[in-house]
Amino acid sequence: MLRLSKKTWLALEAVVDVAINARPDPVQSKEITKRQGIPQRYLEQVMQQLVHAGILKGVRGPRGGYRLARERRRITVGEVVRVVGAMESADDPVTTGPSELGERVIAPLWEEVQRDLMERLEKITIDDLCRRAESASAAIDTPAADFTI
């Protein structure tokens, strides 16, 4: 069965969290860690890759953090999956080639299935996931506005 990797799962959670909570200030990674229970060691490396890919924008400074680099309706789940997939393939390169059967039969089948899946994921936006989270009343925990001077 196809499995969603832990890094991909966490990256999608983090991007949706940023999409929901980055108003008016950027979202700090420690806030995402607290809300979503994402381990800090995974989060920072994934967030940096998402910044490099143009999905997130890093904001420096004491009130810095992350924002979406584009409107959430213009970022697809497929983009996030590709970024994390590239990270994972760099971490785990294939060292042995498949057999002739694997090369001629299994590999083309797997490529076709992955292509079909990515086509579907390219049609789902971060905005779609945000709306699903809102309708499911997912644990978003948007902080209340602080008007103290």
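Read-outs throughout are calculated quantities, based only on the coordinates presented, and are distinct from any laboratory measurement. This one's a predicted model, so the numbers in the text were calculated from it and none came from an experiment. No Cβ is skipped: glycine too gets one built from the backbone with ideal geometry, and neighbour counts run over all protein chains shown.
Laid out as a table, the results:
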{"read-out": "Within the range 43-93, trypsin sites (Lys or Arg not before Pro) in DSSP loop having at most 12 other beta-carbon neighbours inside 10 Å", "value": "ARG60, ARG63"}
{"read-out": "Correct choice for P(r) over Cα pairs in 10 Å bins from 0, in percent that was computed from the model, options (1) 10, 31, 27, 17, 9, 4, 1; (2) 10, 37, 31, 14, 6, 1, 0, 0; (3) 12, 44, 32, 11, 1", "value": "(2)"}
{"read-out": "Most mobile listed residue (LEU109, LEU56, LEU129) in the chain, GNM with C-alpha springs under 10 Å", "value": "LEU109"}
{"read-out": "Sorted by Cβ density within 10 Å, fewest first, the residues ILE124, ILE32", "value": "ILE124, ILE32"}
{"read-out": "Cα centroid of the range 111-130 to Cα centroid of the range 39-55, whole Å", "value": "20"}
{"read-out": "Of PRO62, VAL83, ILE124, farthest towards positive along the dipole that unit charges on Lys, Arg, Asp, Glu beta carbons give the chain", "value": "PRO62"}
{"read-out": "Relative contact order of the chain, defined on C-alpha pairs under 8 angstrom at six or more residues apart (%)", "value": "29"}
{"read-out": "Selected from ALA90, ALA133, ALA69 as most flexible by GNM, with the chain as the system and alpha-carbon contacts under 10 Å", "value": "ALA90"}
{"read-out": "Counted charge near ILE38, where neighbours are those whose Cβ lies closer than 13 Å (Asp, Glu -1; Lys, Arg +1)", "value": "+2"}
{"read-out": "Among SER89, SER99, SER29: highest mean-square fluctuation, GNM of the chain, C-alpha pairs under 10 Å", "value": "SER99"}
